[in-house]
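These notes concern the structure reproduced below.
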Amino acid sequence: MIDIRVEGIKKNLENKKIIVICGSKGGVGKSTLTFLLSLVFSRFVKVGVCDLDFTGSSLHIIFNSTSTFKEEDGIVLPEVLKNVFLLSVNFFSKDNPLALRGEEITDVFLELLTITNWKDINLLLFDTPPTLTDPILDIFRFLPKAEFWVVSSNSILSFHTTLKFVKLLKEMKKEIPILFVNRIFENDVKGMDVYEELAKNFEKVVFVPFIKDLESFYIDPYKLFDLEITLFNELQYLFT
Ligand SMILES: Nc1ncnc2c1ncn2[C@@H]1O[C@H](COP(=O)(O)OP(=O)(O)O)[C@@H](O)[C@H]1O
Ligand SMILES: [Mg+2]
């Protein structure tokens, strides 16, 4: 059976750059990187941030947003920071827990992307749940040109599972230009064989420092730019 939503999404998103922030584990910083990247990229373009972690959605919390959408030729996403527009299933589920499986996830994915008015948005960042689960498989199916930016913590466990995750993405012939190594532990990656093997798969590795009291910046994210860390410069150069 033909699903007319699929053609609509392909058409509406064909001229947008789509970056999928993904990783093989929970708690490694995927949602955090989505947030930090949107903060930096929104200096240049209008960024849509789309929370595909339907059962564990976090972006509405990170962006400290209680606002919801307006309706005008589809739903118009709330501007949660200057030039950053949020799409979250939480607009609809409110704070009720969601339990979804298989085709239901695909349905939510297609529905959210169909009803949104994407007109003004140039770049889309997809935050995803851990591992190669349904939303990522749906991106493979429906948005084949998306790039995958991979996030790992600096732990041996995370590097090992990320390596498997990356093998799969490469078998699927996906673009994986960037690895973020999020330094949430005090480990040093120097001399870690599994890190070296993983890093070989990427054009660029960006190290993300541990940011003390990160969650306190959700109220005023621009204050992050006052921190004396080179990260924001590095992230800026990822924008092309
Ligand atoms: N670089 C960092 N510095 C400090 N805290 C971090 C950093 N990266 C992530 N965190 C914290 O770790 C927790 C998990 O991060 P999150 O982005 O939700 O991971 P994921 O989306 O991969 O599950 C959050 O509480 C977040 O604030
Ligand atoms: Mg997350």
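Throughout, read-outs are computed from the coordinates displayed, never taken from laboratory work. For clarity, every value in this text was computed on a predicted model and none was experimentally measured. FYI the Cβ positions are ideal-geometry reconstructions off the backbone, even for glycines, and counts take in every protein chain you see.
A quick yes/no check of all residues on (1) more than 16 Å from ligand 1 (Cβ to nearest atom); (2) more than 15 Å from the chain's Cα centre (by Cα); (3) assigned to a loop (DSSP other than H, G, I, E, B); (4) in contact (Cβ under 8 Å) with a residue 60 or more places away in the chain:
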site: ILE9; (1), (2), (3), (4): yes, yes, no, yes
site: ILE19; (1), (2), (3), (4): no, no, no, yes
site: VAL28; (1), (2), (3), (4): no, no, yes, yes
site: SER31; (1), (2), (3), (4): no, no, no, yes
site: VAL40; (1), (2), (3), (4): no, no, no, yes
site: PHE44; (1), (2), (3), (4): yes, yes, yes, yes
site: PHE85; (1), (2), (3), (4): yes, no, no, no
site: ASP95; (1), (2), (3), (4): yes, yes, yes, no
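Total residues in segment 51-73 satisfying the condition of being in contact with a Phe, Trp or Tyr (Cβ under 8 Å, 6 or more places away or on another chain) and surrounded by fewer than 19 Cβ atoms within 10 Å (Cβ to Cβ): the figure is 3. Restricting attention to segment 52-75, the residues being more than 16 Å from ligand 2 (Cβ to nearest atom) and within 15 Å of PHE92 (Cβ to Cβ) number 8. Within segment 168-225, the set of residues being more than 19 Å from ILE21 (Cα to Cα), assigned to a loop (DSSP other than H, G, I, E, B) and among the polar types (S, T, N, Q) comprises ASN187 only.
In the set (1) within 14 Å of ligand 2 (Cβ to nearest atom); (2) farther than 16 Å from ILE9 by Cα, the condition left unmet by PHE126 is number (2).
Answer yes if at least one residue in segment 127-142 is more than 16 Å from the chain's Cα centre (by Cα) and either over 23 Å from LEU231 (Cα atoms) or part of a loop (DSSP other than H, G, I, E, B) (or both), and no otherwise. Yes, the conditions are met somewhere in segment 127-142. Give me the residue from segment 46-80 that is polar (S, T, N, Q) and part of a loop (DSSP other than H, G, I, E, B) and, out of that set, nearest to ligand 1 (Cβ to nearest atom). Looking at residues that are polar (S, T, N, Q) and part of a loop (DSSP other than H, G, I, E, B), I get SER58. Would you check if there is a residue in segment 144-153 being over 16 Å from the mean Cα position of the chain (by Cα), under 23 Å from LEU39 (Cβ atoms) and buried (at least 20 other Cβ atoms within 10 Å of the Cβ)? Within segment 144-153, none of the residues are over 16 Å from the mean Cα position of the chain (by Cα), under 23 Å from LEU39 (Cβ atoms) and buried (at least 20 other Cβ atoms within 10 Å of the Cβ).
Kindly evaluate SER152 against the criterion of being assigned to a helix (DSSP H, G or I), polar (S, T, N, Q) and within 16 Å of ligand 2 (Cβ to nearest atom). It is false that SER152 is assigned to a helix (DSSP H, G or I), polar (S, T, N, Q) and within 16 Å of ligand 2 (Cβ to nearest atom).
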